1. Output the residues belonging to the stretch 291-313 that are in a loop (DSSP other than H, G, I, E, B) and more than 17 Å from residue 265 (Cβ to Cβ).
2. Does residue 329 qualify as being more than 22 Å from residue 254 (Cα to Cα) and not assigned by TED's automatic domain parsing to the domain that holds residue 449?
3. Those residues that are assigned to a loop (DSSP other than H, G, I, E, B), touching a strand residue (DSSP E or B) at 6+ places or on another chain (Cβ under 7 Å) and under 17 Å from residue 388 (Cβ atoms), I need them from the stretch 423-457; list them, please.
4. Which one of the conditions (1) in a helix (DSSP H, G or I); (2) over 14 Å from the mean Cα position of the chain (by Cα) does residue 316 fail to meet, given that it meets all the rest?
5. Hand me the list of strands (runs of 3 or more DSSP E) wholly inside the stretch 327-385 holding 2 or more residues that are under 24 Å from residue 190 (Cβ atoms) and at pLDDT 95 or above.
6. When you look at residue 214, is it crowded, with 16+ Cβ neighbours inside 10 Å, touching a strand residue (DSSP E or B) at 6+ places or on another chain (Cβ under 6 Å), in a helix (DSSP H, G or I) and at pLDDT 75 or above, yes or no?
7. In the stretch 136-156, which residues are part of a strand (DSSP E or B) and in contact (Cβ under 8 Å) with a residue 40 or more places away in the chain?
8. Only one of 295, 288, 326, 342 is farther than 24 Å from residue 232 by Cβ and touching a helix residue (DSSP H, G or I) at 6+ places or on another chain (Cβ under 8 Å); which?
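The values are calculated or read from the model by the stated rules, or taken from the named source; none is laboratory data. Since the structure is predicted, the reported quantities are computational estimates derived from the model, not experimental observations. Cβ sites come from the backbone with ideal geometry, for glycine too, and all protein chains shown count toward neighbours.
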């Protein structure tokens, strides 16, 4: 067996797995035999595991001083690795004066990184949050100038702009046209939640379904920036989702042919047990299977827990090679890259450290005026955290765990260390969702649709949350 990097990559085994990843998908009737021990974990949505542990476990004791010390450590440990940058655009960027204040603060933040030697690091990926749709051409030009002054861009660096259809300026087409001419551009477009029988905002009047704004904005992006790679979020309602409505939305999505389809579950049932949980799990699995079948028939491949893509999508290619990763902003094709956080409430990942910037604009601006990085809280991972992150990210991104690679990279006996977790996986194995072998744990059949639930078995913080 190939032994990839210590983060639990998949090696050559991943290529064999991809070739028959849809095998052994059980007929729907077989879900009636869903093991009752597994059902309570399947009828609810699971964490996305963009960070492990989740942000709720970050602590204020980890502040600017700790971050600065860790930055120096990372420069020594990983001097050659490309990094990614997560730029958090505040919702107030639609107001020119507020956008100008944020851009000036962002320039100062980049200067502080450059002062600490960050200019020697290459940037392979840039992600701008949903409010980036407010930015005009001149504002985006200032943003890119700031990043260029503080960091070196790799030749194949990609820039992702996330767009909320409710937060875009009238000039968004002009901005994206300009941007696509100078960078390799990915655009991810979100849908507003749609709940049948409820108003979108106050739970009152019935809502029309589906909402067209996401696809309409996607069409605008395609006309303005035909070279851009487009992803569209598909929000669905878990077990309650009417399949006829979902089919219309999936067919409209497939007809548009975005590069990526990003799933977002908007509603889940409360915790139940016994037969009620099994029924809810079967209903939710029916919805997830319907989505998978429809998208796979349209030529998409399942890349991650909530990520479908055309086969040539960079993250899909990375997954086939066993080197797709999770970052604080989503799946990435950069193997093991650290993420710098810029802007209020941005989340970064630097080796064994996570950190989050000040979550209010006032506190963010104040920290920069005082001349230090605006970190509000963070967490330095323990050896157990790093081990579990490697296991969870390997399962979430590559759909199986190479036990030998984990043991080699972390110096543990997998069977002994995870004896409790392996016992908890037994119901999933009996339900045909995973294969457990001596050298690997692999999601199969419908297990590929509920990777988050499988990952949660290895999440020690989820166990602590239940004890709170």
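1. 298, 299, 300, 310, 311, 312, 313
2. The answer is yes for residue 329.
3. 425
4. Status for residue 316: all satisfied but (2).
5. 339-342, 347-350, 353-357
6. It is true that residue 214 is crowded, with 16+ Cβ neighbours inside 10 Å, touching a strand residue (DSSP E or B) at 6+ places or on another chain (Cβ under 6 Å), in a helix (DSSP H, G or I) and at pLDDT 75 or above.
7. Correct list: 154 only.
8. Every option except 342 fails the conditions.
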